[in-house]
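For reference, the structure discussed in these notes is given below.
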Amino acid sequence: MNAKVSCLGPSTNGITQFKPADLLLSGKHGQECVDVTITSPLSQAKEDMPAGSVPGCLAMQAASNKCDKYTALCESYGKAFTPFSVDVCGMADPQASKLLQRIASRLAARDGESYSRCITMCRRRISLAVQQAVAQQRVYLLLPPPPTTTQPPKPAAAEGDPS
């Protein structure tokens with residue numbers, strides 16, 4: 001599911017939107033596109049991958065893939081790119097951890113709260129968002145399949161029926 005954010009604005013033909021990010025942050029050093037990715041080492045597709053058995057490895061691999069795909073594009077528009085990759089077990093890639101630390105530091109300075117309280121709040125919100133996403137996927141898997149569009153066979157005509 002993609003967020004409705006066009007970090008880099010409309011394309012030159014105005015038809016499509018460039019979307020290398022879910023969030024667009026503004027700060028001291030300009031704008032930063034942040035792409036959020038949640039991975040699961042528990043899925044059947046990942047169970048045979050060596051990265052699926054090492055805690056946090058899939059999150060780091062997803063972050064690396066996002067960087068390869070979007071960093072140059074964002075920089076060509078004068079914006080920084082940061083992947084924010086976490087897995088359903090609670091592991092985050094190093095860039096996601098640094099972004100959380102920056103956000104918590106700014107919250108602490110703005111609100112006069114302790115850094116430890118702010119980082120705990122940030123981590124709890126991320127945890128809740130991951131749990132909600134996993135629950136939504138589970139509900140989707142439990143839904144009955146949509147009805148088929150094939151027509152049932154017509155009943156045989158009764159004796160004496162002219163059709």
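In order along the stretch 23-32, phi translates into HN-Hα couplings of 10, 10, 9, 10, x, 4, 9, x, 9, 9 Hz, rounded to whole numbers, per the Karplus curve 6.51 cos²θ - 1.76 cosθ + 1.60 with θ = phi - 60° and x for Gly and Pro. Of the residues LEU58, PRO83, ALA109, the one whose Cα sits farthest toward the positive end of the charge dipole of the stretch 23-136, with +1 on the Cβ of Lys and Arg and -1 on the Cβ of Asp and Glu, is ALA109. By other beta-carbon atoms within 10 Å, ranking VAL34, VAL86, VAL139 with the fewest at the front produces VAL139, VAL34, VAL86. With neighbour counts taken as other beta-carbon atoms within 10 Å, the residues LEU141, LEU73, LEU99, LEU58 rank, fewest first, as LEU141, LEU73, LEU99, LEU58.
From least to most packed, judged by other beta carbons within 10 angstrom and beginning with the fewest, SER40, SER116 follow the order SER116, SER40.
Expressed to the nearest 5 percent, the antiparallel share of DSSP beta bridges inside the stretch 23-136 is 45 percent. Take the Cα of ALA72, step 7 Å toward its Cβ, do the same at HIS29, and the gap between the two points is 2.1 nm. Gain on full extension, evaluated as 0.36 nm per residue between ARG138 and ASN65 minus their Cα-Cα distance, stands at 23.7 nm.
A short reminder: the numbers here are calculations on the coordinates, not readings from a lab. This is a predicted model, so every value here is computed, not measured. Every residue, glycine as well, gets a Cβ built from its backbone with ideal geometry; the counts of neighbours run over all protein chains shown.
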